Amino acid sequence: MSLPSSSQAVFEAGPSTPSRKRSRWEPHEALHDDAEMNEPQPPLKRRSKSKGTSLSDPRSQAVTPEPRSQIRVVVERQRPRHSIYVPPRTHHPPLTPSRSVYSYERLNSIEEGSYGVVFRARDKETGDIVALKKLKLDDEKHGFPITALREVNALMVCQHENVVGIREVVVGETLTQVFIVMDFIEHDLKTLLTVMPAPFLQSEIKTLLKQLLSAVAFCHERWILHRDLKTSNLLMNNRGQIKVADFGLARRYGDPVGVGGLTQLVVTLWYRAPEILLGATTYSTAVDMWSVGCIFAELLLKEPLFQAKGEIEMLSMIFKLLGPPTTTTWPDYSLLPLANTINLPAPHPSQLRQRFPHISVAGIDLISRMLAYDPEDRISAEEALQHPYFRESPFPKHPDLFGSFPSVAAGEKRRKHPDSPHAPVRAADYKLLTEFDAP
Ligand SMILES: Nc1ncnc2c1ncn2[C@@H]1O[C@H](COP(=O)(O)OP(=O)(O)OP(=O)(O)O)[C@@H](O)[C@H]1O
Ligand SMILES: [Mg+2]
């Protein structure tokens, strides 16, 4: 795995930002800036003033008889293009001000999530239909929240065919009106699973899971943890394509972490890995893979795998399904901060086969490797993509062959699922920009 250059990726993402109308002075000013940087001294001005230039100076001979424009060319050829210490302006990131939200016509609200409102809208210039997510900044007392910056940064770093495309960030009239503009995607998997009359076919589940895994592998390769993978954060278009969305809890991993480690206020309860439930403050890509395992199970069952009301109930549901952890299945279990507060049930074998009677041996193997207790042992997204489950019959269905469904998001306001838990409260995770723990 090579070290990612997130800043480079961010700036390379420039072209996806719709071009802004340029006033006439802008290109002229840019040239002017470059010219100034390329010429450490302003030789022309001084030369034109100095009447007593020596004839023996070869430069003065070149200068005197020629028109001003030609002189510039001669002088520039002799001098370096720019300071060797300061890169030319063209190498700097293309920093442009955000457009106004009024560049979009609001069509309907799709959903009010825990931290933002999502609208469907039309770009007035191009006619494109997009989704606008309004970041909830109204209650923010400490400046622009780092979580919002992380969300934008992660979406830009993780540009992939199975990650929702970010187009730009637009602003309203006040400082609390900031919107992420994304491609509009017709469905989210949670709503779709609730309204579909029958569950997805095995061949369809394989296609969806492969797409999810390739998006997750891509993010992990770029050092981004999603930390809130769940069916309501997986969008699906009418061409059978999954798009991972809602990077509101995402962050870079591998960076030094602050005192106290990584927050445990991540991942919606039903999809939360046991190491986080047991208080681990260092965790990694395996937490996303646990969530992928829960999503795989949900696609098979057409309902969430663990529907617990609290963390203790969640742990006991996990222990019941998989059998309690042992020193073989999770050697470091006893080292976890909350391990000694939990009474483990009597040892019993995994109940996965009973819970999923219709999938193949390879399917059971894949789900059990995603739901492995020991994070070190849990399958990675890259490995999972190579699993025999995807190479046996029924083969993954081509996305073009998926049926299309009427889009609830394109119509009236979406029905909420009051029984589903939300992403953890992130207020505690908000930090000032001045802190070193930047995205
Ligand atoms: N690009 C999009 N196209 C269509 N619908 C979208 C898009 N992005 C988000 N949505 C819809 O809006 C919902 C909420 O979006 P999102 O998950 O990004 O917000 P949130 O406030 O972080 O939500 P939560 O905290 O409840 O997960 C999604 O579940 C999905 O139904
Ligand atoms: Mg969400």
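With the contact rule set at Cα under 8 Å and sequence spacing of 6 or more, what percent relative contact order holds for region 296-368? Let's see the in-between values first.
Details: 44 pairs, mean separation 22.0, N = 73.
Rounded, it is 30 percent for region 296-368.
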**Request:** Return the Cα extents of region 187-401 along principal axes one, two and three, sorted largest first, each rounded to a whole Å.
**Result:** 50, 39, 31
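Return a whole-number percent for the relative contact order of region 101-183, with Cα pairs under 8 Å and 6 or more residues apart as the contact set. Please list the in-between numbers first.
On the way: 135 pairs, mean separation 22.0, N = 83.
Over region 101-183, the number comes to 26 percent.
How would HIS226, HIS398, HIS187 line up from fewest to most surrounding beta-carbon atoms within 10 angstrom? Please report the intermediate quantities before stating the final value.
On the way: HIS226 29, HIS398 10, HIS187 23.
The fewest-first ordering by Cβ neighbours comes to HIS398, HIS187, HIS226.
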**Prompt:** Within region 164-191, whose backbone N sits under 11 Å from a point 7 Å along Cα→Cβ of SER420?
**Reply:** 188-191
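Which ordering of TYR102, TYR253 is given by a fewest-first count of other beta-carbon atoms within 10 Å?
Starting with the residue having the fewest Cβ neighbours, the order is TYR102, TYR253.
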**Fill in**
Residues whose modelled amide H sits under 5 Å from the amide H of ASP188, counting only those 5 or more places away in sequence or on another chain, are MET236
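Averaging sequence separations of C-alpha pairs under 8 Å and six or more residues apart, then dividing by the length of region 187-401, give the relative contact order as a whole percent. Provide the component values of the computation, followed by the final result.
Working: 302 pairs, mean separation 56.3, N = 215.
Relative contact order here is 26 percent.
Would you mind calculating the gained length between SER203 and GLU125 on full extension (0.36 nm times residue separation, minus the Cα-Cα distance), in nm to one decimal? Write down the numbers at each step before the final one.
Details: separation 78, 0.36 × 78 = 28.08 nm, distance 4.01 nm.
Length difference between fully extended and current span is 24.1 nm.
Where a ≥ b ≥ c are the square roots of the eigenvalues of the C-alpha gyration tensor, would you call region 101-183 rounded, which needs a/c under 1.5, or, failing that, prolate if a/b is larger than b/c, or oblate?
Numbers: a/c = 1.73, a/b = 1.18, b/c = 1.46.
Cα axes put region 101-183 in the oblate bin.
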**Prompt:** Between rounded, prolate and oblate, where does region 307-408 land on the alpha carbon gyration tensor, with a ≥ b ≥ c its root eigenvalues, rounded for a/c under 1.5, else prolate if a/b exceeds b/c?
**Reply:** prolate
**Asked** Counting other C-beta atoms within 10 Å, which of ASP374, ASP288 has the fewest, and how do the rest follow?
**Response** ASP374, ASP288
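I'd like the FRET efficiency for GLU173 and GLU313, computed as 1/(1 + (r/R0)^6) with the beta carbon distance as r and R0 of 41 Å, rounded to 0.05. Could you put the intermediate results ahead of the total?
Values: r = 45 Å, r/R0 = 1.10.
FRET efficiency, GLU173 to GLU313: 0.35.
Here, each number is a calculation from the coordinates, and none is a lab measurement. Only a predicted model underlies this, so the values are computations on that prediction, with no experimental measurement involved. We place every Cβ from the backbone using ideal geometry, glycine too, and count neighbours over all the protein chains shown.
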